[in-house]
Amino acid sequence: MEMNFYSLGAAEEVTGSKHVLEVDGKSYLVDCGAFQGSRAEADRKNREFGIEPDRINGVLVTHGHFDHCGMLPLLTKGGYRGNIYATPATRDISSLVMMDSANIQARDADYLRRQAQKKGEKFTWEPLYTEKDAIEATSQIMGISYHRPFFMGDGISCEFFDAGHILGSAMANVTVNKGGTERTILFSGDLGRKGKPIIRDPERPPTPDYLVIESTYGDRQHGKTDDAMKQLAEIAKQTAARGGKIIIPSFAIERTQELVYYFHLLTDEGAIPQMPIYVDSPMATNATTIFQVHPECYDEDIHEAFIKHHKNPFGFNNLHFTTSVEESKSLNDLKEPAIIISADGMCEAGRIQHHLINNISDPAATILLVGFMANNTLGRRLQNREEEVKIHGMWFKRKARVENINAFSAHADYVEAGDWLTSLDLSRLKKIFIVHGEPKAQTAFKQYLKEKCRAEPVIVKYGETYTLD
Ligand SMILES: [Zn+2]
């Protein structure tokens, strides 16, 4: 048996997850994510696929984030006709994410075409894929629940374990059994954290021979997850007392539903003043619908608080999901305190920008940041509490307070990842392949893992082949 591992994305960086397991010349792809970052660079990297789609023998998807599933339509467009395996919730979220991307690409193409025409230039840019390609990719995804082992090929099986990262997120535990030799390779996917709302804690799969692990926060520690709700309540009370609105830039998937869930609990407990809460993002509303139909992914707490009492965790009296642009705009006229959750999470586009324009100069308002803000984004400038910021080409004085809750992270920090690792049976573990992290975080994480266990940690380089014996 000859077995190799290599990476075509998320090697010494965090986006574009694409890892390949080769067994006796057959290739199995784990994740097929999009590179994100500056437009030109991301576009180039996403077009250079690195492997001919029709040479792939099977595909696993760990979860529905764009940087893990966003390029699946390129596989089907390129001639891949095989199965794509994912949990049922991941299938649904991936479908939403791929369709959204196809839609954005089509709109970008229209815009760029018009710009080129105005300048009399030749227009050559084509979207990476269309909605038709996204639908085709969805049709190839087989939804397979956690703990239901399945065969991907001759002597190769896989079992999904809960990764505790987002709804439906999975670790893929691949077992190769050939010629009397058995080897297990565990792909952590994005590793979540204990105590997150809605979803379960990361599970502990049986002992692997090889582990491929993410390292997003290889050099950082987060606040405790149980602090998030207390902080939310405090900020809601203070802002309502000042008579202002709370504007929360949020990611459409998971973060928005966590906020809704917490606000539901806080409202039921009477821990926050009565005020309307708006989810003003079509994508977030669609994602919430997916959350409602996957109770098999919920943890005990949400069962206790809601399901047992036949209550919808994502619906309550004060909560409103806006749909039309008119409804969204009408929120500008609200005079009373309210909470507005909108996308995108880093404030770079979408309806959140209108809400910021309307509230940023109000000293009674709070802009509440609950996610990671990348460099050079409006979100990062707000996080830095800059006194003046540019939105839609206009300058605004920032009088609103900016608050930050960093206990919402969906990724394990290095201590949590290390604790999860040492909670496994490591008696067979030979090597740990570190992926999905910036070089600085990876170097620190490698050192930390060296101290934590005997297995050799390796920082995976793009395209380099590692033999698994
Ligand atoms: Zn993720």
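Solvent exposure of the chain, expressed per residue, is 42 Å² of accessible area, with all protein chains present and a 1.4 angstrom probe. The packing ranking, built from the mean of other Cβ atoms within 10 Å per residue, places the peptides 343-349, 406-412, 16-22 in the order 16-22, 406-412, 343-349, highest first. The smallest convex shape that holds all Cα atoms of the stretch 410-460, its convex hull, gives 76 Å³ per residue. Distance between the C-alpha centres of the stretch 383-398 and the stretch 187-229: 35 Å, rounded to the whole angstrom.
Stretch GLU269-GLN221 to full length: gain in nm at 0.36 nm per residue minus the Cα-Cα span? Computed gain between GLU269 and GLN221 is 14.3 nm.
Cα convex hull, the stretch 177-301: 159 Å³ per residue, rounded to a whole number.
Across the stretch 156-195, Cα-Cα pairs farther apart than 16 Å form 41% of the total. The alpha carbons of the chain occupy a box of 72, 60, 42 Å along the principal axes, longest dimension given first. Only Cα sites of the stretch 90-221 enter the Debye sum here, all with the same form factor; the resulting log10 I(q)/I(0) across q = 0.19 1/Å is -1.10, listed in q order. By the helix-only formula, in which each DSSP H run with n ≥ 4 contributes -39500 (n - 2.57) and the sum is divided by residues, the chain has a 222 nm mean residue ellipticity of -9500 deg cm²/dmol. Computed from Cα atoms alone, the Kirkwood hydrodynamic radius reported for the stretch 254-341 is 13.8 Å. Based on the reciprocal of the average 1/r between different C-alpha atoms, the Kirkwood radius for the stretch 1-74 equals 12.4 Å.
Hey, how many Å between the Cα centroid of the stretch 63-82 and the Cα centroid of the stretch 126-186? Taking the Cα centre of the stretch 126-186 as reference, the centre of the stretch 63-82 is 12 Å away. Each residue of the stretch 337-457 gets 131 Å³ once the volume of the Cα convex hull is shared out per residue.
For the cross-link pairs LYS77/LYS118; LYS119/LYS397; LYS18/LYS122; LYS224/LYS430; LYS196/LYS440, the ones whose C-alpha atoms lie over 29 Å apart are LYS77/LYS118; LYS119/LYS397; LYS18/LYS122; LYS224/LYS430. Stretched out straight at 0.36 nm per residue, the stretch from HIS147 to ASP299 would grow longer than its current Cα-Cα span by 53.1 nm.
Above 13 angstrom, tally the Cα pairs of the stretch 338-388 and express them as a % of all pairs, no decimals.
56 percent
Just the number, please: carbon plus sulfur as a percent of the accessible area of the chain, 1.4 Å probe, no ligands or DNA/RNA counted. Its accessible area is 48 percent carbon and sulfur atoms. Of all DSSP-defined beta bridges confined to the stretch 74-188, some 85% are antiparallel rather than parallel.
Using mean Cβ contacts within 10 Å as the protection proxy, how do 457-464, 350-357 order, highest first? Please list the in-between numbers first.
Details: 457-464: 15.9, 350-357: 21.1.
Result, highest mean first: 350-357, 457-464.
Each peptide in 110-119, 435-444, 371-380, 37-46 gets a packing score, the mean of other Cβ atoms within 10 Å over its residues, and the list from highest to lowest is 435-444, 371-380, 37-46, 110-119.
For the stretch 250-303, taking the reciprocal of the average inverse distance between every pair of different Cα atoms yields a Kirkwood hydrodynamic radius of 12.1 Å.
The values are calculated or read from the model by the stated rules, or taken from the named source; none is laboratory data. Predicted model, so just to flag it, every value in this text is computed and none were measured. Counting neighbours? That spans all protein chains shown, and the Cβs are built from the backbone with ideal geometry, glycine included. For the accessible areas, the whole protein counts, side chains as well, though only heavy atoms, and no ligand, DNA or RNA atoms are used. Shrake-Rupley method; radii C 1.70, N 1.55, O 1.52, S 1.80 Å.
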